[in-house]
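Heads up: the structure comes next, in structure tokens.
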Amino acid sequence: MARCEEGYLCHVCGQEVEHLWESELYLRYVLGWVRPEQLHQEPECHLRCNPALAQFVVDEEFPPVEAPGPFDKRGLDPEFVRQREQLVTRAWRRLRQLASSPRPVPITEYPLPEVLARWTADQGGKSVG
Ligand SMILES: [Zn+2]
């Protein structure tokens, strides 16, 4: 079962997470929700295996995902949903772009520009929060 050399297995469905843009972990990394030092500690997971997050990707290249239950975006504040869709879709398109980049992009440059700016600021001034 533990065949790590073949890639990372989704902790939800047990299948391999084959592509960067299928990865829920890397999407959260691009969003700045996972720090670089946490990247190899967090379990890997398909984006579609986390409907609560996947439902916010709105792109014709991405099969729409529904998340019935308390996290269903249809039951959430429309303004929150609009902002979250914009953000998560942008991050997902970035993953697609990174995966098809003709030159390899260093993993430290994966996150969205505003995330990198915030992290850099965090390292500079030891501010609270
Ligand atoms: Zn999965």
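Each value in this text was obtained by applying a stated rule to the coordinates, not by laboratory testing. Owing to the predicted nature of the structure, the values given are computational and were not obtained by experimental measurement. Quick reminder, even Gly has a Cβ in these numbers, built from the backbone with ideal geometry, and neighbours come from all protein chains shown.
So for the range 7-123, Kirkwood radius off the Cα pairs, Stokes-Einstein at 20 °C and 1.002 mPa s: how many µm² s⁻¹?
On the way: Rh = 14.9 Å.
Answer, rounded: 144 µm²/s.
Full extension from Glu60 to Tyr8: what is 0.36 nm times the residue separation minus their Cα-Cα distance, to one decimal in nm?
Values: separation 52, 0.36 × 52 = 18.72 nm, distance 2.63 nm.
Separation in residues times 0.36 nm, less the Cα-Cα distance, equals 16.1 nm.
Among residues other than Cys45 whose Cβ falls under 10 Å from its Cβ, what is the net charge (Lys/Arg +1, Asp/Glu -1)? Please list the in-between numbers first.
Numbers: positive: Arg28, Arg48; negative: Glu22, Glu24, Glu42, Glu44.
Net of charged neighbours comes to -2.
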Practice task
Report, by chain and number, residues whose modeled amide H sits under 5 Å from the one on Ser23, excluding near sequence neighbours (fewer than 5 apart, same chain).
Solution key: Leu47
Completion exercise
Note: Thr89 to Leu39 extended length (0.36 nm per residue) minus current alpha-carbon separation gives 16.0 nm
Exercise for the section: State, as an integer percentage, the relative contact order of the range 49-112 based on alpha-carbon contacts under 8 Å between residues 6 or more apart. Expected result: 28 percent
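Given an 8 Å cut-off on Cα distances and at least 6 residues of separation, report the relative contact order of the chain as a percent.
Details: 139 pairs, mean separation 31.4, N = 129.
In percent, rounded to a whole number, it is 24.
Can you figure out the FRET efficiency of Glu114 with Asp77, using R₀ = 22 Å and their beta-carbon distance, to the nearest 0.05? If you can, show how the numbers build up before the last one.
Numbers: r = 22 Å, r/R0 = 1.00.
Calculated transfer efficiency: 0.50.
Just in the range 47-129: which GluC sites (Glu not before Pro) are loop by DSSP and have at most 10 other Cβ atoms within 10 Å? List each step's numbers first, then the result.
Details: sites: Glu60, Glu61, Glu66, Glu79, Glu85, Glu109, Glu114; in loops: Glu60, Glu61, Glu66.
Here the sparse-neighbourhood loop sites are Glu60, Glu61.
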